[in-house]
Amino acid sequence: MIERLSKAVVDSAERVLANAYYRTVRLLRQPMIKLGDLRYLEARREQKTFFYLRSIFSIWDPEDLVHLDLPWWTLKATEVVDDYLRNLDGNAVVFEFDGGASTAWLAKRCATVYTLDHDPEWTRRTALLCGAYSNVTYLTRSPDPASEPAGGRFISEKAGFRGVTFRNYVESINSVEESFDMVVIDGRCRPESLLAAMSSIKDSGIILFDDSRRKRYQRPLVESGFHLKRYRGLGPGAPIGSETSILAPRSDTLERLDGIATK
C-alpha cells in the first residue's frame, strides 16, 4: 500500500513538471518563430546540437515532428534505424504498436507499414499525419472488458484503463500474414507485445523497444533471449535523456547496425 501510494505521488509530481515544461516551451515557441530562430536552428540540421534544440519545440506536437522527419525515439536509435532501413533499399515491412509521427517517418523509408492503436481517434490522427503515403495499413484494437483477474498479462494498471484487457491489441500482430523486418513497440502492454513480436520477426530483423529504461521493462527485456543494445541519450522535445533499445534474434545484426552507424 505504501509503495503504491509513493508511486502515485511520484507520478503526480512528474506530470506536474512535464505540464509546466510543455507550457513553457509552447509559450516561447511563437516569439521564436517570429524572430526566425526556429528556421535558423532547422537550417543547421546537420549540426546535432542545433537540430536537437529545434526539436525541443516539437514537444507533444506530432505534426511538427513529421515536418522535421523525426520519430519520438532517442536520436542515436533513430540514426541507427535509419541506416538499417536504408540498407534494405526501401523494401522493409514493419509492424508498429502505436503510431504517430514515427509512422510517417517509417512510411517514408519502408515498403509497407502496419500501424496499430487502441484509440480510434489517434488512428485517425495518425492517418492524417501520413496523408502523403499510401503504404500504411491502419489497425485499431480497442481494449475489452477483462475476464481475467487483476494482474493478468494483458491487464493495464494505468489510470483510465483499469478493468480492461489488451489481449486483442497485442495479438493483432498475428492477424497480419507477414514476417517483419522491424517491429516497433511503443504502446500498451509492452512486455506482452515483445513476446508477440518475437514470433513474427525475421531472423535478420530487429525490434525497437522505446522507453526501455523504465523499471518494469527490465526483466522482460533481459529474459527475452534476444540480443539487446541500449541507445541512451536525448530525444526530440525531451529536456532529459531517455532510452530506446533494439533487440535482434542474431548478435551479428546488432554488430552490423553499429558498424553501419559509425561509417
Name the helices (runs of 4 or more DSSP H) wholly within the stretch 18-102 that hold at least 1 residues that are acidic (Asp, Glu) and crowded, with 19+ Cβ neighbours inside 10 Å? 62-68
Which listed residue is surrounded by fewer than 20 Cβ atoms within 10 Å (Cβ to Cβ) and assigned to a strand (DSSP E or B), from THR115, THR137: THR137
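Hey, does the stretch 157-178 have a residue that's hydroxyl-bearing (Ser, Thr, Tyr), in the same structural domain as ALA107 (by TED's automatic domain parsing) and assigned to a loop (DSSP other than H, G, I, E, B)?
There is no residue in the stretch 157-178 that is hydroxyl-bearing (Ser, Thr, Tyr), in the same structural domain as ALA107 (by TED's automatic domain parsing) and assigned to a loop (DSSP other than H, G, I, E, B).
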Restricting the search to the stretch 167-186, which residues are surrounded by 23 or more Cβ atoms within 10 Å (Cβ to Cβ) and modelled with pLDDT under 95? none
Residue check for SER212: touching a residue at least 12 places away in the same chain (Cβ under 8 Å) and over 30 Å from LEU88 (Cβ atoms): no
Looking at the stretch 217-237, I want the residues that are farther than 19 Å from ARG153 by Cβ and of a type in the set (A, V, I, L, M) and have a partner that is in a helix (DSSP H, G or I) and at pLDDT 95 or above with Cβ atoms under 7 Å, at least 6 apart or on another chain. Which pairs are those? LEU228/LEU221
Out of THR123, THR49, THR115, THR140, which single residue is among the polar types (S, T, N, Q) and within 14 Å of the chain's Cα centre (by Cα)? THR115
Residues to consider are MET198, MET182; find the one that is among the aliphatic types (A, V, I, L, M) and in contact with a Pro (Cβ under 9 Å, 6 or more places away or on another chain). MET198
Checking the condition of a type in the set (Ser, Thr, Tyr), modelled with pLDDT under 95 and either surrounded by 22 or more Cβ atoms within 10 Å (Cβ to Cβ) or touching a strand residue (DSSP E or B) at 6+ places or on another chain (Cβ under 8 Å) (or both), which residue from SER242, SER212 passes? SER242
Would the stretch 252-260 turn up any residue that is surrounded by 15 or more Cβ atoms within 10 Å (Cβ to Cβ) and of a type in the set (Val, Ile, Thr)? yes
Which residues, counting only those in the stretch 140-154, are crowded, with 19+ Cβ neighbours inside 10 Å and farther than 29 Å from ALA77 by Cα? PRO143
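The values are calculated or read from the model by the stated rules, or taken from the named source; none is laboratory data. Predicted, not measured: the structure shown is a model, and the values here were computed from it. Methodologically, a virtual Cβ is constructed for each residue, glycine included, from the backbone with ideal geometry; neighbour enumeration extends over all protein chains shown.
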